[in-house]
1. Tell me, which helices (runs of 4 or more DSSP H) wholly within region 312-382 include 3 or more residues that are in contact (Cβ under 8 Å) with a residue 60 or more places away in the chain and within 18 Å of the chain's Cα centre (by Cα)?
2. Among the residues of region 336-347, is any at negative phi and at pLDDT 95 or above?
3. Would you say residue 181 is buried (at least 23 other Cβ atoms within 10 Å of the Cβ), touching a residue at least 12 places away in the same chain (Cβ under 8 Å), assigned by TED's automatic domain parsing to the domain that holds residue 71 and touching a strand residue (DSSP E or B) at 6+ places or on another chain (Cβ under 7 Å)?
4. For region 118-145, what are the residues that are under 29 Å from residue 19 (Cβ atoms) and crowded, with 19+ Cβ neighbours inside 10 Å?
5. Take residues that are in contact with a helix residue (DSSP H, G or I) (Cβ under 7 Å, 6 or more places away or on another chain) and more than 30 Å from residue 65 (Cα to Cα) and tell me which of the helices (runs of 4 or more DSSP H) falling wholly in region 199-279 contain 1 or more.
6. Of the residues in region 164-198, how many are within 15 Å of residue 284 (Cα to Cα), out of contact with any helix residue (DSSP H, G or I) (no Cβ under 9 Å at 6 or more places or on another chain) and in a strand (DSSP E or B)?
7. Looking at this structure, is residue 39 crowded, with 18+ Cβ neighbours inside 10 Å and without any contact (Cβ under 8 Å) to a residue 40 or more places away in the chain?
8. So which pairs qualify, if the first residue must be in region 293-304 and farther than 13 Å from residue 358 by Cβ, the second must be surrounded by fewer than 19 Cβ atoms within 10 Å (Cβ to Cβ), the Cβ gap must be under 6 Å, and the two must be at least 6 apart or on different chains?
């Protein structure tokens, strides 16, 4: 019989009650993902392992390996827990991939089974493989092929492939946060990283209207949809705020160099209002230290006090290429995004805006009133399994 074994990482470090809760949430998420793909399955959680059985183990493994909290998944042959049964299955695996002249290693574990230890199990399995493929050779340091065998109280497990997962913590083990989502590269990656840390996510997009590119909203909805595929079965909400009235006000100001700082503060102010309405614990953005003028330390210090809600910046120390690589890996990178530029940004933005000057400008334009009005313009979208619909 074949089954899928799921490995998890830092969940092991939690106390027993927390570990049980996290595993329960993770298996619930896996079940939702498999149901979304129409895959019948049964999940069991013997101590230290998560096993999933079903008619299509390879598809199950591929879907499971995308779940947050999963370090890797393997399609395993389930055998009896004795050396003979495990060795016979290991030989079958080796015959498919181990060729004469190649080196191999057996990696063995044993728990709750009497009569032999892990070293004896590895030696017996290695001998059986050599009996069947005598031209192969053992290399425990850098083998061409590895077969993994485990003897557990519930049976034996044999596998030779691992599908890497995203790791992190299961989605939903932390409280809700609100991520500012744009049509660009950085913010979707920032959102994904916080989802990987278990945070329930809601997105908010500050729509530029006629001050933004023609493809802005399309790309934002696309980013939102793509991120929803990482939490299949869960609804993922997007709040779209109309920024046009605010842009009309700041583009009429005589001093353009402070526009980006005013804009970032306004976005945080509005997002803070919406977070308060939903009870979200924090805001998330794609700030990357020194990447643009508004992300210098001096300007970040001026921007941050615009809201009392904590702001999480998971990309703060990333290089741009690291962000791009991660965006490609998670499927949010768009090589040809079209027209998504902002016409409000000045040619020479300030890299160190004086806080007192910004406060004076905000008082002059009545920024608190503008923010309340903007927060009242929200359009709501909901994505599930990669499909986005507007919520009326």
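The values are calculated or read from the model by the stated rules, or taken from the named source; none is laboratory data. All of these numbers come straight from a predicted model, not from anything done at the bench. Note that we place each Cβ from the backbone using ideal geometry, even for glycine, and neighbour counts take in every protein chain shown.
1. Those helices (runs of 4 or more DSSP H) span 320-330.
2. No, region 336-347 contains no residue that is at negative phi and at pLDDT 95 or above.
3. no
4. The answer is 121, 122.
5. 244-250, 259-278
6. Summing the residues that are within 15 Å of residue 284 (Cα to Cα), out of contact with any helix residue (DSSP H, G or I) (no Cβ under 9 Å at 6 or more places or on another chain) and in a strand (DSSP E or B) in region 164-198 gives 2.
7. yes
8. 293/349; 293/351; 296/351
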